[in-house]
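Engineer: Handing you this structure, nothing more for now.
The values are calculated or read from the model by the stated rules, or taken from the named source; none is laboratory data. If you're wondering where the values come from, they're calculated on a predicted model, not measured in any experiment. Here the Cβ positions follow ideal geometry from the backbone for every residue, glycine too, while neighbour counts run over all protein chains shown. These area figures cover heavy atoms from the full protein model, side chains too; ligands, DNA and RNA do not enter into them. Shrake-Rupley method; radii C 1.70, N 1.55, O 1.52, S 1.80 Å.
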Amino acid sequence: MTRLRALAFLVMAIALPLRVEADVSVFAAASLKNALEEIAAAWTERTGEKVTLTFAASSTIARQVDQGAPADIVLLANEAWMDWLEERERLRPETRHGLVGNRLVLIAAEPVSLTPAPGFPLAEALGDDRLAMALVDAVPVGIYGKAALTNLGVWQDVAPRIAQTDNARAALALVATAEAPFGIVYASDARAETRVTIAGEFPRESHPPIRYPAALNAESPDQALGFFAFLAGDAARLVFDRHGFETDD
């Protein structure tokens, strides 16, 4: 989202009367949890307006919104699922934009270096253990992970040894508790968990770009415009940066 467009949303929001009795409801990808909780707390402190946050896999969020879930703001980790909602006319026109980006990393339960590259020995490193990943055919981080492993030529070797989870944070937890020696998550997830180490980053060209689109629900009230604009502002940008997300210059 350009600064000019963010400013336009902010001007619209300021022009609206403040109704602190109404919560703003945000449905967001699970990987945004830590950053959004901090941003929402800052917004509440600043305005007195409460923000209700609901987190799940992007696929789950998209389906819930399609079924009428009370989401004023939708934040996903995958453009395709946002396309799906847009095609079904579930988004408020002209509000969709790319919020932040992310990187894909290989994490480990113990300090180790294993740089993802063509033909890298991931299967050998796993041995008889499992690789923790979110659902590879539905959840964005799992889809990105499968694409990366396929492009690097190691998917067939590790596919039988994958422990699939509902979202990125669940895969992170398997590695953090040493239930799995390795996992594939976002860089922001790895930064949020001190019990894991980053074994290596996947090359950007090995998977589709990781972008988090944001949009207002088609049924969202104008009350949501204030927090929606705040998400694109400098204060939120600093929080996203600190939590390992990539923001536009």
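Engineer: Report the longest stretch of the chain that contains none of the trypsin sites (Lys or Arg not before Pro) sitting in a DSSP loop with at most 13 other Cβ atoms within 10 Å.
Structural biologist: Numbers: sites that count: Arg19, Arg88, Arg195.
Here the longest segment lacking exposed loop sites spans 89-194.
Engineer: Using the heavy atoms of the protein chains and a 1.4 angstrom probe, tell me the accessible area per residue for the chain in square angstrom. Please list the in-between numbers first.
Structural biologist: On the way: 11210 Å² over 249 residues.
Averaged over the residues of the chain, the accessible area is 45 Å².
Engineer: 5 Å is the cut-off here: which amide hydrogens, built 1.01 Å from N in the peptide plane, fall below it relative to Ala132, excluding neighbours closer than 5 in sequence?
Structural biologist: Result for Ala132 returns Ala163, Phe182, Gly183, Ile184.
Engineer: Could you give each residue of segment 118-127 its phi-based ³J(HN,Hα) in whole Hz, using Karplus coefficients 6.51, -1.76, 1.60 with θ = phi - 60°, and x for Gly or Pro?
Structural biologist: Result, rounded to whole Hz: x, x, 5, x, 5, 4, 5, 5, 6, x.
Engineer: I'd like the GluC sites (Glu not before Pro) in segment 160-237 restricted to DSSP loop residues with at most 16 other Cβ atoms within 10 Å, sorted by number. The partial results should precede the final answer.
Structural biologist: Working: sites: Glu179, Glu193, Glu201, Glu205, Glu219; in loops: Glu179, Glu193, Glu219.
When the GluC sites (Glu not before Pro) of segment 160-237 are filtered for loop state and at most 16 Cβ neighbours within 10 Å, Glu179, Glu193, Glu219 remain.
Engineer: For a paramagnetic label modelled at 7 Å from the Cα of Glu205 toward its Cβ, which residues of segment 116-137 fall within the zone defined by backbone nitrogen distances under 14 Å?
Structural biologist: Those under the cut-off are 117-118.
Engineer: Mind listing which GluC sites (Glu not before Pro) in segment 50-120 are in a DSSP loop and have 13 or fewer other Cβ atoms within 10 Å?
Structural biologist: Glu89, Glu94
Engineer: Related question: Which percent of the accessible heavy-atom area of the chain goes to carbon and sulfur, probe 1.4 angstrom? Spell out each step's value before the answer.
Structural biologist: Working: 5780 of 11210 Å².
Exposed carbon and sulfur together represent 52 percent of the surface.
Engineer: Given the rule -39500 (n - 2.57) for each run of at least 4 DSSP H residues, summed and divided by the residues of the chain, what is its mean residue ellipticity at 222 nm, to the nearest 500 deg cm²/dmol?
Structural biologist: Details: 11 runs with 97 residues, N = 249.
Theoretical 222 nm ellipticity from helices: -11000 deg cm²/dmol.
Engineer: Can you tell me what share of the DSSP beta bridges in segment 90-249 is antiparallel? A percent to the nearest 5 is fine.
Structural biologist: 70
Engineer: Which ³J(HN,Hα) values in Hz, rounded to whole numbers, follow from the phi angles of segment 86-103 under the Karplus curve 6.51 cos²θ - 1.76 cosθ + 1.60, where θ = phi - 60° and Gly and Pro get x?
Structural biologist: Using θ = phi - 60°, the values come out as 5, 5, 8, 6, 9, 10, 6, x, 6, 9, 6, 7, x, 8, 9, x, 8, 10 Hz.
Engineer: Let me ask another. Starting at 0 and stepping by 5 Å, how many percent of the alpha carbon pairs of segment 92-249 end up in each bin?
Structural biologist: 2, 9, 17, 20, 18, 13, 9, 6, 4, 2, 0
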